[in-house]
1. Across the range 156-177, what is the number of residues that are hydroxyl-bearing (Ser, Thr, Tyr) and either closer than 9 Å to Gly188 by Cα or surrounded by 22 or more Cβ atoms within 10 Å (Cβ to Cβ) (or both)?
2. Is it the case that Tyr93 is farther than 30 Å from Val221 by Cβ, buried (at least 21 other Cβ atoms within 10 Å of the Cβ), modelled with pLDDT of 95 or more and not aliphatic (A, V, I, L, M)?
3. In the range 301-323, how many residues are touching a Gly at 6+ places or on another chain (Cβ under 7 Å) and in a loop (DSSP other than H, G, I, E, B)?
4. Using the structure shown, decide if Leu138 is closer than 28 Å to Ala313 by Cβ, in contact with a helix residue (DSSP H, G or I) (Cβ under 9 Å, 6 or more places away or on another chain) and either crowded, with 17+ Cβ neighbours inside 10 Å or not assigned by TED's automatic domain parsing to the domain that holds His429 (or both).
5. Within the set of pairs 6 or more residues apart or between chains, which connect a residue that is in contact (Cβ under 8 Å) with a residue 12 or more places away in the chain inside the range 347-370 to a residue that is surrounded by fewer than 16 Cβ atoms within 10 Å (Cβ to Cβ) with Cβ atoms less than 7 Å apart?
6. Restricting attention to the range 417-444, and to residues there that are polar (S, T, N, Q) and either surrounded by 23 or more Cβ atoms within 10 Å (Cβ to Cβ) or in contact with a Phe, Trp or Tyr (Cβ under 9 Å, 6 or more places away or on another chain) (or both), which single residue is farthest from Leu348 (Cα to Cα)?
7. Checking the structure you have, find out if any residue of the range 335-352 is touching a strand residue (DSSP E or B) at 6+ places or on another chain (Cβ under 7 Å) and either modelled with pLDDT of 95 or more or of a type in the set (Gly, Ala, Ser) (or both).
8. Return the pairs, sorted by first residue and then second, in which the second residue is surrounded by fewer than 19 Cβ atoms within 10 Å (Cβ to Cβ) and among the β-branched types (Val, Ile, Thr), the first residue lies in the range 262-282 and is within 11 Å of Pro239 (Cβ to Cβ), the beta carbons are less than 6 Å apart, and the residues are 6+ apart or on different chains.
Amino acid sequence: MDKVKDLSDVEKRLLLKQLLSRNEKKAAQLLNPLKATQASNDPTSFNNFSGFKMLQEQAEIFQTLALKNPYFCTHEGISDHVTAFEGRKYINYSGYNYLGLSGHPEVSAAAKNAIDLYGTSVSASRIVSGEIPLHAELEQVLAEIHDTESAVALVSGYATNVSVISHLFGAKDLILHDALIHNSVITGCILSGAKRLVFPHNDWEALDQMLKENRHNHERVLIIIEGVYSMDGDIPDLPRFIEIKKQHQCLLMVDEAHAAGVIGPRGYGSHDHFGIKGSDVDIWMGTLSKSFASCGGYICGSRALIENLKYNAAGAILFSVGISPANTAAALAAARILQREPERAARLRARSKLFIERAQANQLDIGDASGTGVIPIITGNSVLCLKLGQYLSDAGIYVHPILYPAVSESAARLRFFITCNLTEDEVIHTVDTLAAAMHKLEPN
């Protein structure tokens, strides 16, 4: 390993390239000596922060492979099924404008009208003086969609999970979450001070066993799953998780970020998909940036839960400005269109079904995708993943690679977001182009 110190810059870049095709343990063994040669002893230099070093190494990988940096591309217009960068149009799979409502004339007009009425900010936390009528209107519609007594909307989807989980639970409690849960949930669990346990992905039997072993040691217990998982596009067996939470006297929280507006006959999310009552789940969480064409997060549930959050949750309402008038109005208009036009969600699912069938016919690995708005194409190799992304970009198809550490190296993938305005021809062209690229670039 000492020989690493003597490598030339070119050899170091080649070494970094090799890291992407090895397993994680070997990658770590090779990378640590290289990091040591690049580090200085200045603890005040941001150049020595691990995150910045990782970016430098990533830039070297792109340079070595002659690839463009796929991140922070600037859209020249609305991010819908088609987008534009640097004067060129692309079929767009990089955004989650699921129902095509960001840029919808009715949604845009509502946002503009709200600015005329209320300005660009509510200028205070809602509990003090930042409340506007649109907030209550939005929350009423969200509660209707999720079949709950009440709802509260917050300024950030990420902060919703962090604030709500850390407020409701503490040191005497236990939180169990799916192994593939979103980072915001993990952060909220850590800040809560509750004991945290992780069960294997979608494994309700393992969860049941963990509760048998641990439930009696804790005051309150929360189970957290997602309605649709953001990396794999799969759907958990929600009725089973409801049975388990009732059996062990637990609370159940479902993150609907990628489910609301997508699954169910009306597109209302998990309760609609499974035909259950909204009250069967204790805490419904969702985001406003996807199907609802805005920015923010929300919680739906019992009136007692929502009143607690509105008056007592520091990061939710007390010490946070209310959602801006424009964002509130946009989400409200989008939610009403969802209620009025369930065919948008149905069209999205039809495009997803077509994508999956064509991918399977071309022997592409779609993992556990189940016809939602997320479809992975798993390459199991980050170098191949990056090259495929570049190939598709050159062909006018925009999709992002997902690499380690976001997923394991063996699960490196292109993640396709399916939106309702995609045409059948666009989907067919995309999958056929992808299959041809895979055949051309895949290692023998």
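The values are calculated or read from the model by the stated rules, or taken from the named source; none is laboratory data. In this text, all values refer to a predicted model and were calculated from it rather than measured experimentally. Cβ atoms come from the backbone with ideal geometry, glycine included; neighbour counts cover every protein chain shown.
1. Here is the first cut: in the range 156-177, the ones hydroxyl-bearing (Ser, Thr, Tyr) are 156, 158, 160, 163, 166.
Cutting the leftovers down to either closer than 9 Å to Gly188 by Cα or surrounded by 22 or more Cβ atoms within 10 Å (Cβ to Cβ) (or both) gives us 160, 163, 166.
Going through the range 156-177 one residue at a time, the tally reaches 3.
2. Values: farther than 30 Å from Val221 by Cβ: yes; buried (at least 21 other Cβ atoms within 10 Å of the Cβ): yes; modelled with pLDDT of 95 or more: yes; not aliphatic (A, V, I, L, M): yes.
Yes.
3. Keep residues of the range 301-323 that are touching a Gly at 6+ places or on another chain (Cβ under 7 Å), which gives 321-323.
With in a loop (DSSP other than H, G, I, E, B) added as a condition, the list becomes 322-323.
So the count comes out to 2.
4. Details: closer than 28 Å to Ala313 by Cβ: yes; in contact with a helix residue (DSSP H, G or I) (Cβ under 9 Å, 6 or more places away or on another chain): yes; either crowded, with 17+ Cβ neighbours inside 10 Å or not assigned by TED's automatic domain parsing to the domain that holds His429 (or both): yes.
Against the criterion (closer than 28 Å to Ala313 by Cβ, in contact with a helix residue (DSSP H, G or I) (Cβ under 9 Å, 6 or more places away or on another chain) and either crowded, with 17+ Cβ neighbours inside 10 Å or not assigned by TED's automatic domain parsing to the domain that holds His429 (or both)), Leu138 qualifies.
5. Here the result reads Leu354/Glu424; Arg358/Ile428; Ile366/Gln360, each pair linking the range 347-370 to a residue that is surrounded by fewer than 16 Cβ atoms within 10 Å (Cβ to Cβ).
6. The first filter runs over the range 417-444 and keeps only residues polar (S, T, N, Q), leaving 419, 421, 423, 430, 433, 444.
Now drop any that are not either surrounded by 23 or more Cβ atoms within 10 Å (Cβ to Cβ) or in contact with a Phe, Trp or Tyr (Cβ under 9 Å, 6 or more places away or on another chain) (or both), which leaves 419, 430, 433.
On the way: Thr419: 5, Thr430: 16, Thr433: 21 Å.
Top of the filtered list is Thr433.
7. In the first step, residues of the range 335-352 are kept if they are touching a strand residue (DSSP E or B) at 6+ places or on another chain (Cβ under 7 Å); the result is 352.
Of the ones still in play, those that are also either modelled with pLDDT of 95 or more or of a type in the set (Gly, Ala, Ser) (or both) are 352.
For the range 335-352, residues touching a strand residue (DSSP E or B) at 6+ places or on another chain (Cβ under 7 Å) and either modelled with pLDDT of 95 or more or of a type in the set (Gly, Ala, Ser) (or both): present.
8. Qualifying pairs under 6 Å: none.
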